[in-house]
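Notes for the one structure printed next.
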Amino acid sequence: MLTRPFHRPRRLRGSAALRDLVRETRLAPGQLIYPVFVQEGKKVRQPIPSMPGQFRYSVDALVEELGAAQQDGVVAAILFGIPESAQKDARASQAYAADSIVCRALEAVRRSLPELILMADVCLCEYTDHGHCGRVVERPGGEVVIDNDSSLELLAEAALTYTRAGAHVVAPSDMMDGRVRAIREALDGEGLTEVPILSYAAKYASAFYGPFRDAAESAPRFGDRRSYQMDPGNAREALREIRLDLEEGADMVMVKPAMPYLDVIAAARRSVEVPLAAYQVSGEYAALCAAFANGWLARGATIRESLLGIRRAGADLILTYFAREAARSMRSGEWG
Ligand code: PBG
């Protein structure tokens with residue numbers, strides 16, 4: 001004989017209002033950070049082929065885009081500078097030049113949109129001629145390495161320059177050991193004690209960065225990033241990276257990418273009290289967009305679920321190329 005179920009979880013799923021009432025995780029525009037690329041020129045809005053709907057903007061066009069994003073509910077953006085290729089060199093000079101493309105963009109956005117929280121990605125790979133995130137040094141035996149310690153002063157100088165240009169938050173993404181402390185000391189030394197550091201603490205050597213490297217022209221000319229970014233097989237090591245960055249003075253930490261590393265986000269959430277960010281990276285965006293373009297996945301519902309999953313795993317903040325669209329959908333009530 002069939003027995004009637006005693007437990008009926010379905011009782012709480014009967015209406016949209018009831019589901020809303022008992023929802024454990026929510027999305028709000030204020031949790032999103034919009035990554036954007038800035039390049040030279042005027043009125044430039046150059047499509048990025050592997051990231052449909054994303055563009056490389058000139059400074060004027062970027063101000064317009066971020067103004068419109070703000071209207072849609074976006075409260076924070078992170079800037080990536082793309083210098084002219086002729087300006088790239090071994091010392092990544094444009095990473096810390098006061099008149100660099102990213103500094104001019106920071107100044108312009110800060111002036112036109114003072115309410116927007118402005119973050120600056122701090123790394124050398126967009127600015128070095130070899131495309132690595134640190135300095136390349138040849139050891140006496142002829143071995144070529146990405147040198148940790150001589151990269152730190154350049155990263156600290158870059159963070160200082162971006163702060164002076166108007167960045168509210170600096171976000172080092174290079175994965176050199178000790179860079180958070182180097183940046184904190186440099187900022188404090190200049191009296192910039194109030195500027196928070198969001199460290200890309202657990203950043204994996206991921207295949208999902210492909211479209212970003214096309215967009216930023218930052219693919220390494222030789223070798224790969226596995227000697228400094230984390231091995232995708234490791235989760236405990238992520239906790240160590242996060243702990244070290246916190247000891248060095250990070251105010252917020254990040255796990256990157258997001259969807260293939262939800263376990264890492266969950267573990268990080270359990271071990272830290274500071275705000276935790278996750279980066280839904282270019283390859284995650286590109287893969288979803290490809291499925292939308294083919295009609296294989298429903299756009300809005302899939303974006304919402306992907307962001308909800310990242311939040312449910314434990315991220316407080318999400319860096320996502322969907323930020324503007326998602327904020328708009330939340331605002332309009334489309335997502336319930
Ligand atoms: C710079 C940097 C990268 C990303 C953010 N900062 C690329 C990389 O490490 O190769 C990737 C972001 C994305 O894929 O959306 N080091």
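Here are some notes:
- Of the trypsin sites (Lys or Arg not before Pro) in the range 28-66, the ones in a loop by DSSP (not H, G, I, E or B) with at most 10 other beta carbons within 10 Å are Lys42, Lys43.
- Calculated accessible area for the range 248-334 comes out at 39 Å² per residue, all protein chains present (probe 1.4 Å; ligands, DNA, RNA ignored).
- Quotient of Cα Rg and 2.2 N^0.38 Å for the range 137-183, N being how many residues it contains: 1.37
- Taking a Cβ cut-off of under 11 Å around Ala216, the surrounding Lys, Arg, Asp and Glu residues balance to a net charge of -2, with basic ones at +1 and acidic ones at -1.
- Other-chain or far-sequence residues with amide H under 5 Å of Gly53's (modelled H): Ile48
- Per-pair calculated FRET efficiency, R0 = 51 Å: Asn234 and Arg11 via Cβ, rounded to 0.05: 0.75
- Antiparallel DSSP beta bridges within the chain, as percent of all bridges there, nearest 5: 20
- A 1.4 Å probe run over the range 7-103, with the rest of the protein chains in place, finds 50 Å² accessible per residue.
- 0 to 90° range, to nearest 10: angle between helix 236-247 axis and the chain longest Cα axis: 60
- At 1.567 mPa s and 4 °C, Stokes diffusion of the range 86-150 via Kirkwood alpha-carbon radius, µm² per second: 96
- Computed over the range 105-243, the alpha-carbon pair-distance distribution with 10 angstrom bins reads 11, 38, 36, 13, 1, 0, each value a whole percent.
- Average accessible surface area per residue within the range 105-185, 1.4 Å rolling probe, Å²: 36
- Rg over Rh [alpha-carbon atoms, Kirkwood Rh] for the range 205-249: 1.07
- Normalised radius of gyration (Cα atoms, divided by 2.2 N^0.38 Å) for the chain: 1.03.
- 5 angstrom amide H check on Val144, placed H, neighbours 5+ away: Arg139
- Peptide packing: for 259-265, 169-175, 64-70, the average count of neighbouring Cβ atoms within 10 Å per residue gives the ranking 169-175, 259-265, 64-70, highest mean first.
- The angle separating the long axis of helix 101-112 from the principal Cα axis of greatest extent in the chain is about 60 degrees.
- Among 107-118, 196-207, the order from most to least packed when residues are scored by Cβ within 10 Å on average: 196-207, 107-118
- Heavy-atom surface analysis with a 1.4 Å probe gives the chain a carbon and sulfur content of 51 percent of its accessible area.
- Cα-based helix-to-principal-axis angle, 149-165 vs the chain, degrees rounded to 10: 70
The values are calculated or read from the model by the stated rules, or taken from the named source; none is laboratory data. The structure displayed is predicted, hence computed values, not measured ones. Glycine also receives a Cβ, built like all others from the backbone with ideal geometry; neighbour counts cover every protein chain displayed. Only protein heavy atoms, including side chains, enter the accessible area calculation; ligands, DNA and RNA are left aside. Shrake-Rupley method; radii C 1.70, N 1.55, O 1.52, S 1.80 Å.
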